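The values are calculated or read from the model by the stated rules, or taken from the named source; none is laboratory data. Everything numeric in this text was worked out from a predicted model, so none of it was measured. When we count neighbours, we look across all protein chains shown, and the Cβ atoms used for this are built from the backbone with ideal geometry, even at glycine.
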């Protein structure tokens, strides 16, 4: 059976780097992570924490543009914590995942602070993901609601 370590990772929505810090903590010396956010101020904060780590590449760019123009290696793991890669450009992002690779999103359970109409967007996204035959999907009733998908071989 083919086995691939999660050595090439992508996060969409760096913010100040909280989720990025957890992912870095679990990486070995051969792993690499690219993290994209469109906010220069937040990217600068994340860069101040992780910019000297040779395994980390922080990119300040529009997520949609970055996703659509990316031409590098496929990823073993994608954590989409931003609109691009979760609610938009999902097909592009899912195409960037290796067979056996993971796609992870959070905030999939109803939250009190959601703006009107957001629950419909979440429901539509979940329905779309459940119809995908090239991934296996697991919904976790934990924290804010996690969806973990694995690309089939």
### Query
Checking residue 80 against (1) touching a helix residue (DSSP H, G or I) at 6+ places or on another chain (Cβ under 9 Å); (2) touching a residue at least 60 places away in the same chain (Cβ under 8 Å); (3) crowded, with 20+ Cβ neighbours inside 10 Å; (4) more than 18 Å from residue 125 (Cβ to Cβ), which single condition isn't satisfied?
(4)
### Message
Restricting to the stretch 83-103, name every residue that is loosely packed, with under 15 Cβ neighbours inside 10 Å and in contact with a strand residue (DSSP E or B) (Cβ under 7 Å, 6 or more places away or on another chain).
### Response
99
### Message
Of everything in the stretch 118-133, what is exposed (fewer than 12 other Cβ atoms within 10 Å of the Cβ) and either modelled with pLDDT under 95 or within 23 Å of residue 6 (Cα to Cα) (or both)? Give them in sequence order.
### Response
133
### Task
For the stretch 104-136, name all the residues that are touching a strand residue (DSSP E or B) at 6+ places or on another chain (Cβ under 7 Å) and under 22 Å from residue 9 (Cα atoms).
104, 105, 106, 108, 129, 134, 135, 136
### Query
From the set of residues in the stretch 3-24 that are more than 10 Å from the chain's Cα centre (by Cα) and in a loop (DSSP other than H, G, I, E, B), which is surrounded by the most Cβ atoms within 10 Å (Cβ to Cβ)?
17
#### Entry: Conditions (1) in contact with a strand residue (DSSP E or B) (Cβ under 9 Å, 6 or more places away or on another chain); (2) surrounded by 16 or more Cβ atoms within 10 Å (Cβ to Cβ); (3) more than 26 Å from residue 7 (Cβ to Cβ): number failed by residue 139
(2)
### Query
Pick from 50, 75: which is in contact (Cβ under 8 Å) with a residue 60 or more places away in the chain and buried (at least 18 other Cβ atoms within 10 Å of the Cβ)?
75
